[in-house]
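Participant: The structure under discussion is supplied below as structure tokens; questions concerning it will follow.
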Amino acid sequence: MAEGTQEEHLKRTSLPAKMISRKEVSIWAILKNCIGKDLSKITMPVILNEPLSFLQRLCEYMEYAGLLTIAAQKETAEERMAHVAAFAVSALASNWDRLGKPFNPLLGETYELQRDGYRIVCEQVSHHPPVSAFHAESPDFKFHGSINPKLKFWGKSVEIQPKGVVTLEFPKWNEAYTWTNVNCCVHNIIVGKLWIEQYGSMEITNHSTGHVALLTFKSSGSAAKNLHRVEGFVQDENKKKLFFLYGKWTEFIKCCPAENYESYLREGNKKNGEKDFTDSPDGTPKKMFSKLHSFKLNSFRSLSIQDNDNGPPPEIEGDIPKSESAYSLDIPNSTLMWSCKARPENSDEYYHFSYFALQLNAMDKNMKPPTTLCPTDSRLRPDVLCLENGDLEGSAREKTRLEEKQRDTKKHLKSKNEPEWSPRWFKNANNPYTNKDDWLYAGGYWNRKYESTNAIF
């Protein structure tokens, strides 16, 4: 494990250069011929990028990894599930206002991150389709998955579908959890200020005990007060509701016993101006209570991304909907499970990066490829580094060079009848919990034997 405290890793408060303005860029002019198409297969100008690889964006899942350590120490399955659900929501918080597209990883590209208590390694294991695999571990948990992101342009919005299942294991309890992240949508592509929302359902399953967390990420739709809202229940193996979770994926998650939530709705408690959820479009507290209790598993599944591959996301006209703070809702016996850390004051000048994201390209003095850092690490990508340093032309030039080099390597292997490239750190295998195809960690990365690694940069 990495030495030192988390604070010792927080070295950067800014990037080497400020974000290059996109005010003169017409996203519509770039995307107008791409309606309904998968944007991951289309070359984009680097002005639309942020100076990170998608592998690094994956590592932002781990910003609040402390929640997993806390979860692993809880004595009951329902408490562990509540903390796992809070972590699953927290892992999406970094997406807020992140309108820049991360660079597509090159085949064989890797990224590692060590923080106090855990370490994570990622590898780009496939190029067509693009698949990124990751594996994080600590004394308390293992967290891994493979993601095949799909980006689709629908005329007024861009939809990101993070296809792929993530798996969490608690060895102490012999437990495994799986879930799929919800869709993300960038609105106002043609005109107006760009803004992001996440929507759909998330079903977290404990494959050992049968406990389930069912969370709904609300679309703002015509009700602005739903913007960023998340709510749902932790249920046991008999579908008995145990906890109610509520909050915003951009701010916080609270948890209370299900009976307290039910009492709150029955009483129609509106003291202290508490009207956020009870005044929702679902109607009166009684109606909302009835609706929440009428949710069936299939209702949640109907919102999942697997069923939304071919249709556009809900369209919302105009600027960012105004949303009241959900902190005003305070159900008795609620516990604050997670709150989002404040971003730097000048975050908007640096791609809206969090403090965590600002560190992802930083080179520790002990990182010396190929002995103590794999030569395929994203920190060494010249196109990303050029953009981070404000060199837009250099970034575009290097991006083109790297893509051509990747194509030439593939042609060379084919002409020589040599075996196709295969991932070094992950293997294609069956996920034992979902019984579906997955990429699982093959081991060996942290042994630091990188001498024979292919030069991809």
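The values are calculated or read from the model by the stated rules, or taken from the named source; none is laboratory data. Since we're looking at a predicted model, the values are computed, not measured. Every residue, glycine as well, gets a Cβ built from its backbone with ideal geometry; the counts of neighbours run over all protein chains shown.
Participant: Quick one: which strands (runs of 3 or more DSSP E) sit completely within the stretch 150-222 and have at least 1 residues that are of a type in the set (Asp, Glu)? So that I can check it myself, show each step before the final result.
Facilitator: Details: elements: 158-163, 165-170, 175-180, 183-187, 195-206, 212-217.
By residue number, 158-163, 165-170, 175-180, 195-206.
Participant: Scan the stretch 224-261 residue by residue and report those that are touching a residue at least 60 places away in the same chain (Cβ under 8 Å) and aliphatic (A, V, I, L, M).
Facilitator: Across the stretch 224-261, the qualifying residues are Ala224, Leu227, Val230, Val234, Leu242, Leu245, Ile253.
Participant: So, one more: In the stretch 92-113, which residue that is more than 14 Å from the chain's Cα centre (by Cα) and acidic (Asp, Glu) is farthest from Glu403 (Cα to Cα)?
Facilitator: Among them, the one singled out is Glu112.
Participant: A follow-up question, please. Within the stretch 38-57, work out how many residues are touching a Pro at 6+ places or on another chain (Cβ under 9 Å), farther than 18 Å from Met363 by Cβ and assigned to a helix (DSSP H, G or I).
Facilitator: Looking only at that region, the number is 4.
Participant: May I pose another question? Examine the stretch 44-58 for a residue that is touching a residue at least 12 places away in the same chain (Cβ under 8 Å), within 28 Å of Val212 (Cβ to Cβ) and in contact with a strand residue (DSSP E or B) (Cβ under 6 Å, 6 or more places away or on another chain), and state whether such a residue exists. Explain how you work it out, then say what you get.
Facilitator: Step one: filter the stretch 44-58 for residues touching a residue at least 12 places away in the same chain (Cβ under 8 Å), giving 44-58.
The next check asks that each one be within 28 Å of Val212 (Cβ to Cβ); those that pass are 57-58.
Of the ones still in play, those that are also in contact with a strand residue (DSSP E or B) (Cβ under 6 Å, 6 or more places away or on another chain) are 57-58.
Scanning the stretch 44-58, I find at least one residue that is touching a residue at least 12 places away in the same chain (Cβ under 8 Å), within 28 Å of Val212 (Cβ to Cβ) and in contact with a strand residue (DSSP E or B) (Cβ under 6 Å, 6 or more places away or on another chain), so the answer is yes.
Participant: Of all residues being surrounded by 21 or more Cβ atoms within 10 Å (Cβ to Cβ) and over 15 Å from Thr209 (Cα atoms) in the stretch 72-91, which is nearest to the chain's Cα centre (by Cα)? Just the residue, please.
Facilitator: Ala91
Participant: Among residues belonging to the stretch 97-136 that are farther than 21 Å from Met44 by Cβ and of a type in the set (A, V, I, L, M), point out the one that is surrounded by the most Cβ atoms within 10 Å (Cβ to Cβ). Full working, then the answer.
Facilitator: Keep residues of the stretch 97-136 that are farther than 21 Å from Met44 by Cβ, which gives 108, 110, 112-123, 125, 133-136.
Restricting the remaining residues to those that are of a type in the set (A, V, I, L, M) gives 113, 120-121, 125, 133, 136.
Working: Leu113: 22, Ile120: 22, Val121: 24, Val125: 23, Ala133: 27, Ala136: 24.
Applying the filter and picking the extreme gives Ala133.
Participant: Between a first residue in the stretch 442-453 that is over 18 Å from Asn366 (Cβ atoms) and a second residue that is assigned to a loop (DSSP other than H, G, I, E, B) and of a type in the set (Lys, Arg), which pairs have beta carbons less than 8 Å apart while being 6 or more apart in sequence or on different chains?
Facilitator: Ala442/Arg424; Thr453/Arg424
Participant: Do we find that Asp140 is surrounded by fewer than 21 Cβ atoms within 10 Å (Cβ to Cβ), in contact with a strand residue (DSSP E or B) (Cβ under 9 Å, 6 or more places away or on another chain) and at positive phi in this structure? Reasoning before the result, please.
Facilitator: Numbers: surrounded by fewer than 21 Cβ atoms within 10 Å (Cβ to Cβ): yes; in contact with a strand residue (DSSP E or B) (Cβ under 9 Å, 6 or more places away or on another chain): yes; at positive phi: no.
Against the criterion (surrounded by fewer than 21 Cβ atoms within 10 Å (Cβ to Cβ), in contact with a strand residue (DSSP E or B) (Cβ under 9 Å, 6 or more places away or on another chain) and at positive phi), Asp140 does not qualify.
Participant: Continuing with the same structure: From the list Leu242, Leu227, exactly one residue is of a type outside the set (Asp, Glu) and crowded, with 21+ Cβ neighbours inside 10 Å. Which is it? Working first, answer last.
Facilitator: Values: Leu242 fails: crowded, with 21+ Cβ neighbours inside 10 Å.
Result: Leu227 is the single residue among Leu242, Leu227 that is of a type outside the set (Asp, Glu) and crowded, with 21+ Cβ neighbours inside 10 Å.
Participant: Search the stretch 100-126 for residues that are touching a residue at least 40 places away in the same chain (Cβ under 8 Å) and more than 28 Å from Asp348 (Cα to Cα) and pair each with any residue that is among the aromatic types (Phe, Trp, Tyr) and not in a loop (DSSP other than H, G, I, E, B) when their beta-carbon atoms are under 6 Å apart and the residues are at least 6 apart or on different chains.
Facilitator: Val121/Tyr445; Glu123/Phe426; Val125/Phe426; Val125/Trp439
Participant: Another question about this same structure. Considering every residue within the stretch 359-376, establish whether at least one is surrounded by 19 or more Cβ atoms within 10 Å (Cβ to Cβ), outside any loop (DSSP other than H, G, I, E, B) and modelled with pLDDT of 95 or more.
Facilitator: no
Participant: Scanning for something more than 26 Å from the chain's Cα centre (by Cα), surrounded by 13 or more Cβ atoms within 10 Å (Cβ to Cβ) and among the basic types (Lys, Arg), does the stretch 391-398 turn up at least one residue?
Facilitator: Looking through the stretch 391-398, at least one residue is more than 26 Å from the chain's Cα centre (by Cα), surrounded by 13 or more Cβ atoms within 10 Å (Cβ to Cβ) and among the basic types (Lys, Arg).
Participant: What are the pairs with Cβ atoms under 9 angstrom where one residue, in the stretch 136-149, is in contact (Cβ under 8 Å) with a residue 12 or more places away in the chain and within 16 Å of Tyr64 (Cβ to Cβ) and the other, located anywhere, is surrounded by fewer than 23 Cβ atoms within 10 Å (Cβ to Cβ) and among the acidic types (Asp, Glu)? Sequence gap at least six, or different chains.
Facilitator: Listed by first residue and then by second, the contacts come to Phe141/Glu169; Phe143/Glu137; Phe143/Glu169.
Participant: While we're looking at this one, here's another question. Run down Lys150, Lys172, Lys163 and say which single residue is among the basic types (Lys, Arg), more than 19 Å from the chain's Cα centre (by Cα) and farther than 23 Å from Gln359 by Cβ. Step through it out loud before you land on a result.
Facilitator: Values: Lys150 fails: more than 19 Å from the chain's Cα centre (by Cα); Lys163 fails: more than 19 Å from the chain's Cα centre (by Cα).
From the options Lys150, Lys172, Lys163, the qualifying one is Lys172.
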